[in-house]
1. Can you find a residue in region 80-91 that is in contact (Cβ under 8 Å) with a residue 60 or more places away in the chain, surrounded by fewer than 22 Cβ atoms within 10 Å (Cβ to Cβ), under 25 Å from Gln21 (Cβ atoms) and in contact with a strand residue (DSSP E or B) (Cβ under 9 Å, 6 or more places away or on another chain)?
2. Which one is surrounded by the most Cβ atoms within 10 Å (Cβ to Cβ), of the residues in region 23-65 that are part of a loop (DSSP other than H, G, I, E, B) and in contact with a Ser or Thr (Cβ under 9 Å, 6 or more places away or on another chain)?
3. Out of the helices (runs of 4 or more DSSP H) lying entirely within region 66-152, which hold 1 or more residues that are polar (S, T, N, Q)?
4. How about region 194-215: which of its residues are under 18 Å from Gly10 (Cα atoms) and either in contact (Cβ under 8 Å) with a residue 12 or more places away in the chain or touching a Cys at 6+ places or on another chain (Cβ under 6 Å) (or both)?
Amino acid sequence: MFITFEGIEGSGKSTVMARVQEHLEAQGFDVLRTLEPGGSRLGRQLRKILLGMESRDLTGESELFLYLADRAQHVASIIRPALEAGKIVLSDRYADSTVVYQGYGRGLDPKLLHTLNDVATAGLWPDLTLLFDLTPEVGLKRALTRNLREGLADSEGRFEAESLEFHERIREGYLTWGSLYRKRFRIVNAEQGLAEVVRDAIETIDQNLVKRADSGEGPKPKTLRD
C-alpha cells in the first residue's frame, strides 16, 4: 500500500508520518518511510539544488524537470521495490506536490504536469493521500521557526522564502486538486494540536487498511505472512 503525505510548508506532515510509521510497525506491518526530494541517492543531490537558497533563480521549467528526475529514480529504485516486497510505503510528498507547486504555484498547466508525472512514475499513483490543511500564515510561522531552530534556513529554505500569496495559491491548489481526486484524498485539519492530527491521520489510515483487507487487496502484517 502506498500512502503519501501532502501539504504546505509547516503543516506537520513529516512529524505525523513518523508517528504513523510507529503505529503501523506496532501492528506488525513492514513500513518504508521516505521523502521527496531526496528519497534516493540521486535525489539527495537534487534536494540540495531544489531546496537551497542558492537556487532561487531556477525557472519553473527547470524546477519541474529536476523534480521529475528525482521522482523517476525514487520510484524505480526505492518505492516500487518496497511495494513489490509487500511493504507499506509512506512518502513525505510525491507527484501531487509537483502538480500543485509547479502548476497552481508557478503557473504551469496542471493537466500537463499530471501527464509528465505519469511518465516519470510509470503510472504509479498513491492508494491514499493525506492532505494536511492549514492557513499559510500558521504554516509559514511554524516552518520558519523550525528552519531557524535546525539551521536549515539556507540549505532548505527556498520555498519558505516565497511570498504569502504564493503559499495561498498552493493551499488553494491542494484543495482544488484534492477535490478532483477525492477518491484517494483525505483532508486532515493540521491546525489542531499534534496529538489530534496524529489521531485523525491514524484513524484514516486504519479505516483504509480495513477496507482493503476486506477486499483482499491490503498488505498483511508480518505475523500473518509468516
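1. As a first pass, look at region 80-91 and keep what is in contact (Cβ under 8 Å) with a residue 60 or more places away in the chain: 83, 86-91.
This time we only want the ones that are surrounded by fewer than 22 Cβ atoms within 10 Å (Cβ to Cβ), so: 83, 86-87.
From what's left, under 25 Å from Gln21 (Cβ atoms): 83, 86-87.
Next, from what is left, pick out any that are in contact with a strand residue (DSSP E or B) (Cβ under 9 Å, 6 or more places away or on another chain): 83, 87.
Within region 80-91 (the criterion being in contact (Cβ under 8 Å) with a residue 60 or more places away in the chain, surrounded by fewer than 22 Cβ atoms within 10 Å (Cβ to Cβ), under 25 Å from Gln21 (Cβ atoms) and in contact with a strand residue (DSSP E or B) (Cβ under 9 Å, 6 or more places away or on another chain)), the answer is yes, since at least one residue qualifies.
2. Of all residues in region 23-65, those part of a loop (DSSP other than H, G, I, E, B) come to 27-30, 36-40, 52, 56-59.
Narrowing the set further to residues that are in contact with a Ser or Thr (Cβ under 9 Å, 6 or more places away or on another chain) leaves 28, 36, 39-40, 52.
Details: Gly28: 13, Glu36: 24, Gly39: 26, Ser40: 22, Gly52: 16.
Filtering first and then ranking leaves Gly39.
3. Numbers: elements: 80-84, 95-98, 110-120, 136-150.
In region 66-152, 95-98, 110-120, 136-150 are the helices (runs of 4 or more DSSP H) which contain 1 or more residues that are polar (S, T, N, Q).
4. Within region 194-215, Leu194, Val197, Val198, Asp200, Ala201 qualify.
Conditions tested, residue by residue: (1) under 16 Å from the mean Cα position of the chain (by Cα); (2) closer than 24 Å to Val20 by Cβ.
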| residue | (1), (2) |
| --- | --- |
| Ser155 | no, no |
| Tyr174 | yes, yes |
| Ala190 | yes, yes |
| Asp200 | no, yes |
| Leu209 | no, yes |
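Readers should treat all values here as calculations from the given coordinates under stated rules, not as data from a laboratory. On a predicted model such as this, the values are computed, not experimentally measured, just so you know. Heads up, the Cβs are rebuilt from the backbone with ideal geometry, glycines too, and the neighbour counts pull from every protein chain shown.
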